[in-house]
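The values are calculated or read from the model by the stated rules, or taken from the named source; none is laboratory data. Values in this document were obtained by computation on a predicted structure and should not be read as measured data. Glycine also receives a Cβ, built like all others from the backbone with ideal geometry; neighbour counts cover every protein chain displayed. Each accessible area value is taken on the protein alone, full model and side chains, heavy atoms only, with ligands, DNA and RNA left out. Shrake-Rupley method; radii C 1.70, N 1.55, O 1.52, S 1.80 Å.
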Amino acid sequence: MMNESSAPPLVAPACITTAVVVAATYIIRVYRSSISKIPKEGLTRPKFLLDALAANEDIYYFGVGSNLSRTRLENRSISGKKIHPISFEPCVIYDFRLAFNMTGIPPMEPALGSIEPLPSFYEKDGNQERNSRQLWHTESKAFVAYETNECHGALIKLSAEDYELVYKSEGGHKGATQFYEEIEVNCVPYDKSKEPVKAVAYRGTEYGRLDQVEDMWPSKRYMGILRSGAAELGLEDSYQKWLADHPVQEPSLFLKKVSINSCLFMGVLRFGLNMHFIPHQQTAMLYQVLVLPKEPAWKQYLGEVAAVIILFPSSLLGFTLRTVLEKSGKTPPMVKKFIEHFEETM
């Protein structure tokens, strides 16, 4: 008969083994899921866009999200070169919606904006593109839908060179793992004296989209940028009201600080060392513990605690790196811009 005093020492190894197995199983599942979402074929750019680029002709671009603001668009090039729009005006596209279904940087930026075809797009007779790979059908749903089947935004005319700067700033030219792909849309200017024009817009790729049917709530900071841009551009009052009434979420100040330092270190892994696996796993885990503000307070509290635990190792490393760079006076301009970008509302 086993001595009772010999049983307890076996408990800790058993618990550790179980935890390792569960963690490994989770990581493998997330990894397989991410791999399965990478398209086997490269992304196809619209023919009219390729023709315009080849001929060095001006290009119309339909801007949503932070690109509703002319000032933000002008200064968003990752190369530091200023972008100079030829024209910038409000417009509308039909049978599409503004979707908050893009993978962001949780918990600071849980969802980013993209455009998404509405069911009416696929039901429209004579639409030759509705069955193309670029406009694959999804069951994506808005958390709060706009009153009509349309999306308002900025009709922006750019030189071919400046358009490529915008595309790169949105993660373009990264192949199968980029988050956005270019699609063709028909933009109707608010100015009734002008004819509709063919423009390029960005829709989330399957790789970049969130794995859920209903849109996520965007952050208060991100939605503030959209509301400000919509007012600056003069979008329809009803559309601005929809943006103003859309629910948002806001992590605590402490969680924001932890997240910023973590993002700094993960950025080094992702962009400096081309190591995507660790940042991807962390993002997947953070979405697992993300709790919307509509849930009870105790759930939100537990979600923030779990997020801090997940972020703590990379946040500590990011804080150390940030401190060394600041004290040495060698903080790269892009790092400064990133930190200022997220600390502007703290």
State yes or no: is ALA160 open to solvent by less than 40 Å² (accessible area, probe 1.4 Å) and farther than 22 Å from GLU116 by Cβ?
yes
Filter segment 251-305 for residues that are in contact (Cβ under 8 Å) with a residue 60 or more places away in the chain and of a type in the set (Val, Ile, Thr); which is nearest to ASP215 (Cα to Cα)?
THR283
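Filter segment 152-196 for residues that are of a type in the set (Phe, Trp, Tyr) and without any contact (Cβ under 8 Å) to a residue 40 or more places away in the chain and give the result. Show your work before the answer.
Just the residues of segment 152-196 that are of a type in the set (Phe, Trp, Tyr), to begin with: 163, 167, 179-180, 190.
Answer for segment 152-196, where residues must be of a type in the set (Phe, Trp, Tyr) and without any contact (Cβ under 8 Å) to a residue 40 or more places away in the chain: just TYR167.
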Please go through (1) more than 19 Å from the chain's Cα centre (by Cα); (2) part of a helix (DSSP H, G or I); (3) surrounded by fewer than 16 Cβ atoms within 10 Å (Cβ to Cβ) for PRO293 and return the number of the only condition it doesn't satisfy.
(2)
Considering only residues that are in a helix (DSSP H, G or I) and among the β-branched types (Val, Ile, Thr), look in segment 226-265 and name the one that is surrounded by the fewest Cβ atoms within 10 Å (Cβ to Cβ).
ILE260
Evaluation of SER328 against (1) open to solvent by 70 Å² or more (accessible area, probe 1.4 Å); (2) more than 24 Å from the chain's Cα centre (by Cα) (one fails), failing number
(1)
Is it fair to say VAL268 is outside any helix (DSSP H, G or I) and either crowded, with 20+ Cβ neighbours inside 10 Å or hydrophobic (A, V, I, L, M, F, W, C) (or both)?
no
Exactly one condition in (1) over 25 Å from ILE310 (Cβ atoms); (2) crowded, with 21+ Cβ neighbours inside 10 Å is not met by ASP215; state its number.
(1)
